[in-house]
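In what follows, a single structure is set out as structure tokens and then discussed.
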Amino acid sequence: KQEVTQIPAALSVPEGENLVLNCSFTDSAIYNLQWFRQDPGKGLTSLLLIQSSQREQTSGRLNASLDKSSGRSTLYIAASQPGDSATYLCAVSGGGADGLTFGKGTHLIIQP
Amino acid sequence: SQTIHQWPATLVQPVGSPLSLECTVEGTSNPNLYWYRQAAGRGLQLLFYSVGIGQISSEVPQNLSASRPQDRQFILSSKKLLLSDSGFYLCAWAQGARNTIYFGEGSWLTVV
């Protein structure tokens, strides 16, 4: 059974810092990996999707990497802003119709 | 463009009462549809998924049920709610099993 772990569970940093969120998964036989953002009391917003054959994806100040063989992914946020404050969730897909397996998220606070 | 709507956004229901949460997707056809529950400290749990009209797969045994009466409509129901059914329910869709999954805004359910 696939398990996804996110470290740290919570992180608070001053505005402007670059930061890295970590995600690990136990079964390397994944089809893709997604990073999501969740604001308090809201649904999830997809940030980046990395296919298993890819090493990284970039969107603006966000960069996600994937090392499938070691079961790890990182989300790099450059020049953090208070608006980046949210919970960031990592999820992996085994390619089946049963969707994604999620980590419990990293709660990020960017201090102004 | 594709959109997903779910409602109601918030509801408070007594124990033993019925439940109906509805989700619709616009701008796509034959999507995979999902119901997730997010309980405090437990991450997202997949409840049901559907690959077509009338096709429902359940991931966990529970007193909830799901139905897909139309291609882009997904309904989560219960005949008698339990206290443990309280949580944040999220509907999601994807075009195929291996693509980005998009989430609705969620429905907060409190069973009292």
Output for the stretch B:68-86, where each listed residue is buried (at least 16 other Cβ atoms within 10 Å of the Cβ), under 17 Å from B:W7 (Cβ atoms) and away from chain A (no Cβ under 14 Å)
B:R72, B:I75, B:L76, B:S78
Quick one: count up the residues across the stretch B:1-21 that are within 24 Å of B:A97 (Cα to Cα) and surrounded by fewer than 16 Cβ atoms within 10 Å (Cβ to Cβ).
4
B:V60 surrounded by fewer than 17 Cβ atoms within 10 Å (Cβ to Cβ), more than 12 Å from the chain's Cα centre (by Cα), under 25 Å from A:F36 (Cβ atoms) and hydrophobic (A, V, I, L, M, F, W, C):
yes
I'd like the full set of residues that are more than 10 Å from the chain's Cα centre (by Cα) and either of a type in the set (G, A, S) or within 13 Å of chain B (Cβ to nearest Cβ) (or both), limited to the stretch A:103-112.
A:K104, A:H107
Whichever residue in the stretch B:96-110 is at the interface with another protein chain (Cβ under 7 Å from one of its Cβ atoms) and small (G, A, S) and, among such residues, is nearest to A:L100 (Cα to Cα)
B:A97
Report whether or not A:D27 is within 29 Å of B:A9 (Cβ to Cβ) and among the charged types (D, E, K, R).
no
State whether one or more residues within the stretch A:27-39 are surrounded by fewer than 21 Cβ atoms within 10 Å (Cβ to Cβ) and away from chain B (no Cβ under 14 Å).
yes
Filtering the stretch A:56-102 down to residues that are away from chain B (no Cβ under 14 Å) and of a type in the set (D, E, K, R), which residue is surrounded by the most Cβ atoms within 10 Å (Cβ to Cβ)?
A:K68
Filtering the stretch B:98-112 down to residues that are hydrophobic (A, V, I, L, M, F, W, C) and part of a loop (DSSP other than H, G, I, E, B) yields B:V112
Collect the residues in the stretch B:38-82 that are in a loop (DSSP other than H, G, I, E, B), touching a strand residue (DSSP E or B) at 6+ places or on another chain (Cβ under 6 Å) and touching a residue at least 24 places away in the same chain (Cβ under 8 Å), keeping them in residue-number order.
B:R72, B:L81
Tell me, yes or no, whether the stretch B:87-97 has at least one residue that is assigned to a loop (DSSP other than H, G, I, E, B), within 15 Å of the chain's Cα centre (by Cα) and surrounded by 16 or more Cβ atoms within 10 Å (Cβ to Cβ).
no
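Quick note: the coordinates plus some simple rules give every number you see, no bench work behind them. This is a predicted model, so every value here is computed, not measured. Don't worry about glycine lacking a Cβ; one is built from the backbone with ideal geometry, like all the others, and counts go over all protein chains shown.
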